[in-house]
Amino acid sequence: MSYFLTADGGTESLRARVYDLAGNCLGSKAVPYTTQFSAGARAEQNPEDWWTALVEASRGAISASGVNPADIAAMACATTSCTVVALDRDGDALRPALLWMDVRAHAEADAVLATGDAALQINGGGTGPVSAEWMIPKALWLKRNEPEIYAAAHTICEYQDFITLRLTGERVASLDNVGLRWHHRNRNGGWATSLLAKLGMSELEGKWPDRVLAPGEVIGTLTQLAAQALGLPQSVKVVQGGADALIGIIGLGVSQPGQLAMITGSSHLQFGVTREPLHAPGVWGAYADIVYPNRWIVEGGQTSTGSIVNWLKRFCGSSFDFAEMNAKAAALPPGADGLIVQDHFQGNRTPYTDPLSRGAIIGLTLAHEPHHVFRAIMEGIGFGTRSILEAFKSAGYSSTEMTIGGGASASPLWLQIHADTSGLPVKVPASPDAPSTGSAILAAYGAGLVPSIDAGIEQMVRPGTTIDPRPAEIARYEEIYAQYRALYPALKTVAGTRPC
């Protein structure tokens, strides 16, 4: 038997899992790490924490699985994107990594957009805006604000590439990540060379990884040090993965044109598969070949979703109980007795791409309790998803259902709210751990045990449940959604015009 080790490097922890060729998870272990938040919507992590977590979680998952480490054929990873790290020649971090949700580089994002370079066509049809989350704005921020770090950096890359380097010794980037967040154009020029030149930072291209490989391609095998750390033979193949959410659409079985996936966790990301490219304001992409050969991916996203629920938990302290909160919130009618939440607690990714927008809770009275806010947060996030799907439709892409994986899939209430606010049936596969399942499929493909990624999906992803929208709730949410849509322009003049 051959088995596969996966690593899902998320915002709050890294979870390793061991899978068999039928897609069964045989063992799992998660190891948390911390994020440092500071003013200006800054968020940083220590890259050494990722490696420590990978080693501990991998050993724990292998032990829990009962699998002989010698029988693990390959491994693949999925990580947060775009989490940017600057490394010295030895591969050690020169400073904490700028987490994907860090949007300090909003001025640099404006500078990128102002170039008018052809590489910008891939997002918003060239009209922008450009997100402060992406690679080039963050690298430009480093050059402007920490020039000594920037100059000393031998490699500027992502979480994904840091792990690849530690595992194999190879400076390799994923086509998935660079297509999503680095303005790399797979079918039209590769690196954004002219864009970098216009920004006066052509040297950045030399700091990026030497090679770009698509998900499923073999990077190499484990170094001696990595093999010893993980307790694995050096013969284990390291197969290219990518951004956790994009690898997650593989794990959800969303691979054919017209299918729509939503990956949930600290953030929400919406991805549609298309046969042809499309570009429009309020939509990111479409990106060529970044997951599947000869298919394009259109993208939307919400910067803070599950992280808002975690914020409420921290705010409430020890009195917060998820089961009790869900039960009380489920008993409330749509609208949470007059509350509306704008879900921009860490800015807006799409359709506005506004890093300065902020969250809001509107309609509070002394009669409201934490479970009212809890439900209103879920509804606000549902409305944010709907606004993205409407941008997709305006761009020429629509779907008749939505497949969901990740944290929200564990909450029947949240799934029902998503179905009711979007008006779409919501599907949840039997295994909602989408990035890990997707990584297992890639590892199986890279190991040569399935003939294609599509064949791996057919073999390793099993159907689960479907939640249908309810007509009465759809009608009620129509009224509340109109109020939600009015919040952004109204609040932009109050809290969305300054970095705070």
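The values are calculated or read from the model by the stated rules, or taken from the named source; none is laboratory data. All of these numbers come straight from a predicted model, not from anything done at the bench. Cβ placement follows ideal geometry from the backbone for every residue including glycine, while neighbour counts extend to all protein chains displayed.
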Unmet criterion (only one of (1) within 29 Å of Arg185 (Cβ to Cβ); (2) exposed (fewer than 15 other Cβ atoms within 10 Å of the Cβ)) for Thr303: (2)
Which listed residue is touching a strand residue (DSSP E or B) at 6+ places or on another chain (Cβ under 8 Å), surrounded by fewer than 24 Cβ atoms within 10 Å (Cβ to Cβ) and over 24 Å from Ile62 (Cβ atoms), from Leu232, Leu252, Leu278, Leu246: Leu278
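Condition check ((1) in contact (Cβ under 8 Å) with a residue 12 or more places away in the chain; (2) in a strand (DSSP E or B); (3) among the hydrophobic types (A, V, I, L, M, F, W, C)) across all residues:
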| position | (1), (2), (3) |
| --- | --- |
| His279 | yes, no, no |
| Glu299 | yes, yes, no |
| Leu312 | yes, no, yes |
| Met325 | yes, no, yes |
| Lys328 | yes, no, no |
| Pro334 | yes, no, no |
The stretch 394-438, subset of a type in the set (S, T, N, Q) and not in a helix (DSSP H, G or I), residue nearest to the chain's Cα centre (by Cα): Thr403
Out of Gly23, Gly27, sole residue that is among the small types (Gly, Ala, Ser), on the phi > 0 side of the Ramachandran plot and at pLDDT 95 or above: Gly23
Subset of the stretch 38-79 that is part of a loop (DSSP other than H, G, I, E, B) and touching a residue at least 60 places away in the same chain (Cβ under 8 Å) - its residue that is nearest to Ala434 (Cα to Cα): Val67
Condition broken by Gly116, with the remaining ones in (1) farther than 26 Å from Thr223 by Cβ; (2) touching a residue at least 60 places away in the same chain (Cβ under 8 Å); (3) assigned to a loop (DSSP other than H, G, I, E, B) satisfied: (2)
Identity of the residue in the stretch 17-35, small (Gly, Ala, Ser) and surrounded by 18 or more Cβ atoms within 10 Å (Cβ to Cβ), that ends up farthest from the chain's Cα centre (by Cα): Gly27
Among (1) among the aliphatic types (A, V, I, L, M); (2) modelled with pLDDT of 95 or more; (3) crowded, with 22+ Cβ neighbours inside 10 Å, the one test that Ala434 misses: (2)
Residue that is nearest to Ala41 (Cα to Cα) [pool: residues in the stretch 131-155 that are surrounded by fewer than 24 Cβ atoms within 10 Å (Cβ to Cβ) and among the β-branched types (Val, Ile, Thr)]: Ile149
Residue satisfying all of: in the stretch 82-113; touching a residue at least 60 places away in the same chain (Cβ under 8 Å) and of a type in the set (Lys, Arg); nearest to Asp49 (Cα to Cα) among these: Arg89
Hits in the stretch 351-372 (condition: over 25 Å from the mean Cα position of the chain (by Cα) and outside any strand (DSSP E or B)): Gly363, Leu364, Thr365, Leu366, Ala367, His368, Glu369, Pro370, His371, His372
Enumeration of residues in the stretch 336-350 that are touching a strand residue (DSSP E or B) at 6+ places or on another chain (Cβ under 7 Å) and either assigned to a loop (DSSP other than H, G, I, E, B) or surrounded by fewer than 19 Cβ atoms within 10 Å (Cβ to Cβ) (or both): Leu339, Asp343, Arg349, Thr350
Check on Ser38, surrounded by fewer than 17 Cβ atoms within 10 Å (Cβ to Cβ) and either on the phi < 0 side of the Ramachandran plot or modelled with pLDDT under 95 (or both): yes
